[in-house]
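Q: Sharing a structure here in C-alpha cells format.
Please treat every number below as a calculation from the coordinates, not as lab data. It should be emphasised that the depicted structure is a prediction, and the values quoted were computed from it without experimental measurement. Neighbour counts are summed over all protein chains in view; Cβ atoms, including those assigned to glycine, are modelled from backbone coordinates with ideal geometry.
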Amino acid sequence: PIFGGFALMGYAIALIRNVMAGEPRPLPVWDDLGRYFMDGLTFWVATLVYALPLLILICPVMMVWLLPALAGENENLMKILTGISGLVSVGLGCLALLYGILLALLTPVLQIRYAETGELGACLRFGDIFRFLFDNIGSIIIAQVLMWVAGVIIGSVVSGLAGALSIVPICGWILAAALGLLMLPVGVWLMAFSGHLYGQIGRQAGTAPLVV
C-alpha cells in the first residue's frame, strides 16, 4: 500500500509535467514505477515540511484538555480550567482550520513546482511558493473546489448504492463490498483529474517542466 500510494503521487506529478509540456496524450505509461515512487516520496516529504505547523497546532489542542485534571477535587478550579481549556482549544482549532485551508491551496503549488524542476529544494523556496500561490490563487481555488465537488458527488453515489445493495437479502452485502472495491480506481481517476487541472494551471502560469 505504501509503495502504491507514493507511486500514484509520482504518476500524478508525471501527468502534471506532461500537461505543462503540452503533450497531446498527457497520461503517462506505467513503465517507470521506481521513478514514480521516488517522485511521490519526495513530494510527500515536501508536503510534510509544510504540514509541520498544523501538527504543532493540533498537539496542544489535544493536550489542553488535561488541564482540568490538575484541579484535583477542587470543583471551582476545575470549572475555571475547563473553561480555559475550551477557549484555548477553540482558538487553536480555528488556527488549525485556517492553516489546513492554506495547506490545501499550497499542495497543488508544490506539485507544480516539483513537476517543473524535479527538485525537493524548489518546493522549499518559500518565497517562490507563496508568490506562485498568490499569483494564481483564483485558478487554484477553482481547481480545489472542482476536486471537492467531484469527490463529494462520487462518494455520495457510491455510498448510496452500497447502502441500497446492503439491504438485498443474501448477496446484497457481497455486492456492496464489491462496489466498495471500485473506490480504488475512482481514487486513481480523481488523482488523474487533479493532475490535469494542476498541469493546466502550471502551463497557464508559463512554467517550464523538467525535460526527462
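Q: Using only the Cα atoms of the stretch 39-105, what are the Rg and Dmax in Å?
A: Rg and Dmax of the stretch 39-105, Cα atoms, are 16.4, 56 Å.
Q: Radius of gyration and Dmax for the chain's Cα atoms, expressed in Å?
A: That works out to 21.9, 72 Å for Rg and Dmax.
Q: So for each of 13-20, 51-58, 189-196 I average, over its residues, the number of other beta carbons within 10 Å; can you give me the resulting order with the highest mean first?
A: Working: 13-20: 24.9, 51-58: 14.4, 189-196: 18.1.
Put in order of decreasing packing, that is 13-20, 189-196, 51-58.
Q: Using alpha carbons only, how many degrees (0 to 90, rounded to 10) separate the axis of helix 126-135 from the longest principal axis of the chain?
A: That works out to roughly 80 degrees.
Q: Under a plain spin-label model, where a point goes 7 Å from the Cα along Cα-to-Cβ, how far apart in nm are Leu146 and Cys59?
A: 3.9 nm
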